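What follows is a short report on a single structure.
The values are calculated or read from the model by the stated rules, or taken from the named source; none is laboratory data. None of these values were measured; they are calculated from a predicted model. Methodologically, a virtual Cβ is constructed for each residue, glycine included, from the backbone with ideal geometry; neighbour enumeration extends over all protein chains shown.
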Amino acid sequence: MAFKWAEYLKLADQLSRQTDEASQRTAISRAYYFVFHIARQRAVKNLYRQPEDGTSHDNLWLLYKRNSSTRCKQVATLGKRLKKKRVQADYELYYARERGSGRSLDGCKRVRGPNR
């Protein structure tokens with residue numbers, strides 16, 4: 001059975017309501033991977049082939065950005081913004097809470113996938 005990526009969004013939502021830093025950081029990460037995997041599933045259905053050279057994330061957002069659809073461009077913008085926040089949450093020693101995970105989830109909730 002395929003993993004339901006929407007479970008990541010549910011988890012991100014739950015974690016974003018917590019006040020501890022670990023939950024806030026993890027919420028951003030799960031939200032990002034929800035959007036990434038839903039976007040990738042859609043792209044693969046349209047014959048996208050994910051590169052194996054470590055550039056899959058940037059290439060996916062570029063693919064969406066180059067699409068003429070406004071919706072695709074919005075997904076690209078969301079994906080790039082969340083990726084930046086995820087990198088900060090995963091790797092920065094000091095984490096500014098004003099970057100907060102709650103606001104970052106707003107756009108994610110509009111992304112729909114086959115595994116809701």
- prompt: Taking Val75, is it surrounded by fewer than 16 Cβ atoms within 10 Å (Cβ to Cβ), at pLDDT 90 or above and β-branched (Val, Ile, Thr)?
  reply: no
- line: Restricting the range 1-56 to residues that are part of a helix (DSSP H, G or I) and of a type in the set (Phe, Trp, Tyr), the one surrounded by the fewest Cβ atoms within 10 Å (Cβ to Cβ) turns out to be Tyr33
- line: Lys85 meets each of (1) at pLDDT 95 or above; (2) surrounded by 15 or more Cβ atoms within 10 Å (Cβ to Cβ) with one exception, condition (1)
- request: For residues that are among the aromatic types (Phe, Trp, Tyr) and not in a helix (DSSP H, G or I), scanning just the range 88-107, find the one that is modelled with the highest pLDDT.
  value: Tyr94
query: Is there any pair linking a residue in the range 35-54 that is in contact (Cβ under 8 Å) with a residue 24 or more places away in the chain to one that is part of a loop (DSSP other than H, G, I, E, B) and not charged (D, E, K, R), with Cβ under 7 Å and at least six apart or on different chains, and which?
result: Val35/Val111; His37/Trp5; Ile38/Trp5; Ile38/Val111; Ile38/Gly113; Gln41/Gly113; Gln41/Pro114
